[in-house]
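**Q** The structure's right below; bear with me while I get my questions together.
Nothing in this text is a laboratory measurement; each read-out follows from the coordinates by a stated rule. Bear in mind the structure is a predicted one, so any value in this text is a computation, not a measurement. Reconstructed Cβ throughout: ideal geometry from the backbone, glycine too, with neighbour counts over all protein chains shown.
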Amino acid sequence: MSNRQDTIQRLQVGVIGLVTVLLLVSIANFVLQRASDEPTALEEIQAGTANSARELADGIDEKPAEPLAEIGITPAPMPEDDVIQPVVKPKVESQIVPDLKPDPKLEAPMDRESR
C-alpha cells in the first residue's frame, strides 16, 4: 500500500512542479514584455488610430453647422435657395352623396340609446 501512496505523492509533486515552472515562465515573459521598448501590437493600433484621428481633425477647417445632421440623427435644414414652396391645392367644394343622408324616418340617431 505504501508503494501506491509513494507513486501518488510523486505524481502530485511533479504536477505541482510543472505548474510552478509554467507560472514562473509566464510571469517572466510578462515582465520582459513590459520592460521592453518595443510597442505591442495593441499599442501600435492605438497609436495609428490616434494619428489618423488627428489627421482628420486637422483636415477639417470649420465646425459643421449641424453636427447631428452630419451623422444622420436629425435632418439638416435646407439652404434658403433650395427651400421648396408648398403646393397650394385648389379648393374643392364638398359634395353630399345622396346615399349617406340620414333617414328622416329615424326618431333618434343610431349611436344614442333612446329612453
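**Q** Compute the length gained on full extension between V19 and Q33: take 0.36 nm times their separation in residues and subtract their Cα-Cα distance, giving the result in nm to one decimal.
**A** Extending this stretch completely gives an extra 2.9 nm.
**Q** FRET efficiency for T40 and Q12, Cβ-Cβ distance as r, R0 = 35 Å, nearest 0.05?
**A** 0.40
**Q** Something else now. Measure off 7 Å from each Cα along the Cα-to-Cβ vector at Q5 and A47, then give the distance between these two points in nanometres to one decimal.
**A** 6.0
**Q** Could you compute the net charge surrounding T49? Neighbours are other residues with a C-beta less than 13 Å from the C-beta of T49; K and R count +1, D and E count -1.
**A** -2
**Q** Net charge around Q33, counting only other residues with Cβ within less than 15 Å of its Cβ (Lys, Arg = +1; Asp, Glu = -1)?
**A** Summing Lys and Arg as +1 and Asp and Glu as -1 gives -3.
**Q** Would you work out the charge dipole size for segment 11-58 about its Cα centre, treating the Cβ of every Lys and Arg as +1 and the Cβ of every Asp and Glu as -1, and quote it to the nearest 20 debye?
**A** The calculated dipole for segment 11-58 is roughly 340 debye.
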